[in-house]
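As structure tokens, the structure follows; a few thoughts come after it.
The values are calculated or read from the model by the stated rules, or taken from the named source; none is laboratory data. Given the structure is predicted, the values throughout are model-derived calculations rather than measurements. Ideal geometry is used to build each Cβ from the backbone, glycine not excepted, and the neighbour counts take in all protein chains shown.
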């Protein structure tokens, strides 16, 4: 079962080279499961037992179900759709020496740059074009090895293995073509979209790694792929969401864009997307303002974004007392400065869920002398204040174009997500919880 799930994950990632493609893949799966696509620009007519989803910018998605009984609260699991990469600049083609054409790109997010060299890459994203009196978008994915970033030979920089500061403007520009190829890029992209180059008005195009994901190791215990951070969590959340039912709570599967660049966009965790959706659900269910605020106070959210495993070659980089391992289970993330939202209360709730789901739970805390980054949990709390825990799956080589995680852990998170969505998490009063599971056993 673990290997089958890992193969499903790899298939999902292969179809999702950008945030736009990831959202399209999830939307197709939701449609097949009977979910109705709502649009923010239109009126919503929500019904008991209804299943719906809404997108923003084509790169963020929120799916939700309406309970059959009187709603008590929202149970939300959120992840992100983006990963560090390189984005194509406007007017990207640069001729070099009259014999080469390279592409002008800029960094998207904090990344490990060295692994991008000497591997097959291509381009994917969206084109905006004129269609009669409308501007519409269409996804593109050039499904062949198209570009590469060649390394400089060791003979020309013999100190490179002693440490090198890569300059993204000089060192990281991908080679696109040889003599006479300048001007052909837009033809290739527009052909993928099925439009004429002269009709293209805008683009959001990114590099993506063409290397297929793999399952490997002495006992096939590891999985490696592009974009494990954070499509492994997004995939697991969706799988758990689709097999869950809840009569009392609105279940919400949330995937937000732009986490890797701070979330300060109209589709990011710092935007009003989640808040707007919660308010529209409340309005659609006939709740007044006081009832909506009571529902929020009783809600619970899991911020699911991958975590760092102990690295076998750099064991001292992990906190001495909290050491999560690949295939060791879901990771609860703590930070005294609240870069992660987990506290004693929310960790107790999540540990109860893991115990019922019969999945292992580990802990990650940064070494006290190594600062950590934020994730979408504490950022989204700036818009909607919810009790929350930050969780993730352990991995190696985070922010590389080819990351490594555990074959078992995807299944661990699917089971925990299913239990979370199906649970009755009730706040009796501030900081006192009651958690009921499917069998109505109280914890």
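Would you confirm whether any residue within segment 145-152 is exposed (fewer than 13 other Cβ atoms within 10 Å of the Cβ) and not in a loop (DSSP other than H, G, I, E, B)?
No: zero hits.
Got a sec? Which of 175, 201, 264 is surrounded by fewer than 22 Cβ atoms within 10 Å (Cβ to Cβ), under 17 Å from the mean Cα position of the chain (by Cα) and farther than 24 Å from residue 66 by Cβ?
264
Each row is one residue, and each column tells you yes or no for (1) in contact with a helix residue (DSSP H, G or I) (Cβ under 7 Å, 6 or more places away or on another chain); (2) closer than 20 Å to residue 437 by Cα; (3) outside the structural domain of residue 406 (by TED's automatic domain parsing).
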{"site": "235", "(1), (2), (3)": "yes, no, no"}
{"site": "248", "(1), (2), (3)": "no, yes, no"}
{"site": "260", "(1), (2), (3)": "no, no, no"}
{"site": "270", "(1), (2), (3)": "yes, no, no"}
{"site": "285", "(1), (2), (3)": "no, no, no"}
{"site": "292", "(1), (2), (3)": "yes, no, no"}
{"site": "306", "(1), (2), (3)": "yes, no, no"}
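Right, residue 382: more than 20 Å from residue 234 (Cα to Cα) and either touching a residue at least 60 places away in the same chain (Cβ under 8 Å) or in contact with a helix residue (DSSP H, G or I) (Cβ under 7 Å, 6 or more places away or on another chain) (or both) or not?
Details: more than 20 Å from residue 234 (Cα to Cα): yes; either touching a residue at least 60 places away in the same chain (Cβ under 8 Å) or in contact with a helix residue (DSSP H, G or I) (Cβ under 7 Å, 6 or more places away or on another chain) (or both): yes.
Spelling it out, residue 382 is indeed more than 20 Å from residue 234 (Cα to Cα) and either touching a residue at least 60 places away in the same chain (Cβ under 8 Å) or in contact with a helix residue (DSSP H, G or I) (Cβ under 7 Å, 6 or more places away or on another chain) (or both).
Using beta carbons and a limit of 8 Å, which pairs, at least six apart or on different chains, have the first residue in segment 232-253 and within 14 Å of residue 304 (Cβ to Cβ) and the second one assigned to a loop (DSSP other than H, G, I, E, B)?
Sorted first by the residue in segment 232-253, then by its partner, the pairs are 232/306; 232/393; 233/305; 233/306; 233/393; 234/81; 236/393.
Tell me whether segment 300-308 contains one or more residues that are more than 28 Å from residue 57 (Cβ to Cβ), under 24 Å from the mean Cα position of the chain (by Cα) and at pLDDT 95 or above.
Looking through segment 300-308, at least one residue is more than 28 Å from residue 57 (Cβ to Cβ), under 24 Å from the mean Cα position of the chain (by Cα) and at pLDDT 95 or above.
Among the residues of segment 86-109, are any outside any strand (DSSP E or B) and surrounded by 12 or more Cβ atoms within 10 Å (Cβ to Cβ)?
Initially, segment 86-109 is screened for residues outside any strand (DSSP E or B), giving 97-99, 109.
Now restrict to residues that are surrounded by 12 or more Cβ atoms within 10 Å (Cβ to Cβ): 109.
Within segment 86-109, one or more residues are outside any strand (DSSP E or B) and surrounded by 12 or more Cβ atoms within 10 Å (Cβ to Cβ).
Of the numbered conditions (1) in contact with a strand residue (DSSP E or B) (Cβ under 9 Å, 6 or more places away or on another chain); (2) in a helix (DSSP H, G or I); (3) surrounded by fewer than 17 Cβ atoms within 10 Å (Cβ to Cβ), residue 275 satisfies every one except a single condition; which is it?
(1)
Is one or more of the residues making up segment 118-134 farther than 30 Å from residue 195 by Cβ, in a loop (DSSP other than H, G, I, E, B) and within 30 Å of the chain's Cα centre (by Cα)?
yes
Filter segment 53-85 for residues that are farther than 27 Å from residue 353 by Cα, in contact (Cβ under 8 Å) with a residue 40 or more places away in the chain and outside any loop (DSSP other than H, G, I, E, B) and give the result.
Within segment 53-85, the subset farther than 27 Å from residue 353 by Cα is 54-59, 82-85.
The next check asks that each one be in contact (Cβ under 8 Å) with a residue 40 or more places away in the chain; those that pass are 54, 56-59, 82-85.
Listed by number, the residues that qualify are 54, 56, 85.
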